[in-house]
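The values are calculated or read from the model by the stated rules, or taken from the named source; none is laboratory data. Just so it is clear, the structure is predicted and the values come from calculations on it, not from any experiment. Glycine also receives a Cβ, built like all others from the backbone with ideal geometry; neighbour counts cover every protein chain displayed.
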């Protein structure tokens, strides 16, 4: 009987902790959004974060986008060839990238590169008591640190997604038209006729949702490190919470990708 009671108690404690953690993350998001409208506005910090999050991620996004498009073009060609529809390769490549792979791959790459860095930065600030120092100086950490990251991420990721789409389509053209001999007119005409504004907007909606998720989880887990159970303290805690950030954000991106697609299609 005692084992059952202890099990129920532990289950209740775990459930209570996760509900409290979800509440803290919700409060954190509201405070971060509110900090975007606080004055004075830190325009230079936003520009610096756009450079760190967006510009520094651009070579990675372009490289991955090019080879992703080439692989999609190669696989699509051999799949369409079985039904004598090689001329539809442009439609296949462009819609796959614009609707799905562009926003998802971009978000995953930025999560691994910038989201983890945000989490580690704020986690180190938490264990070194820099947030306590900001509180002593009556400086709002959300306006000062977190909200500029939120604004910069919301600006950077949709732009990176569009660049991924464009370079991916170019990669599909390279592998399909240049290397495999698909008719270039059919390739480009299919894109012009079948890729609509709704497809582009769907990709941008996804990229905005993913951007919010990346900066929310990345900064939230780092800022709330001292509230997270079972991560220890010091360097070990920063390592554990950064891993949590990447895992949770990646899972969230894939789940939200399905939900947004199911609602919008």
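Things to note:
- Residue in segment 194-208 that is within 22 Å of residue 123 (Cβ to Cβ), touching a residue at least 12 places away in the same chain (Cβ under 8 Å) and surrounded by fewer than 24 Cβ atoms within 10 Å (Cβ to Cβ) present: no
Conditions tested, residue by residue: (1) touching a helix residue (DSSP H, G or I) at 6+ places or on another chain (Cβ under 8 Å); (2) closer than 25 Å to residue 196 by Cα.
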residue	(1), (2)
38	yes, no
42	yes, no
70	yes, yes
84	no, yes
116	yes, no
122	yes, no
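- Lone qualifier among 146, 151, 139, 157 - being surrounded by fewer than 20 Cβ atoms within 10 Å (Cβ to Cβ) and out of contact with any strand residue (DSSP E or B) (no Cβ under 8 Å at 6 or more places or on another chain): 139
- A single member of 19, 14 is assigned to a helix (DSSP H, G or I), modelled with pLDDT under 90 and more than 30 Å from residue 110 (Cα to Cα), and it is 14.
- Of the set (1) in a helix (DSSP H, G or I); (2) under 24 Å from residue 139 (Cα atoms), all apply to residue 39 but (1).
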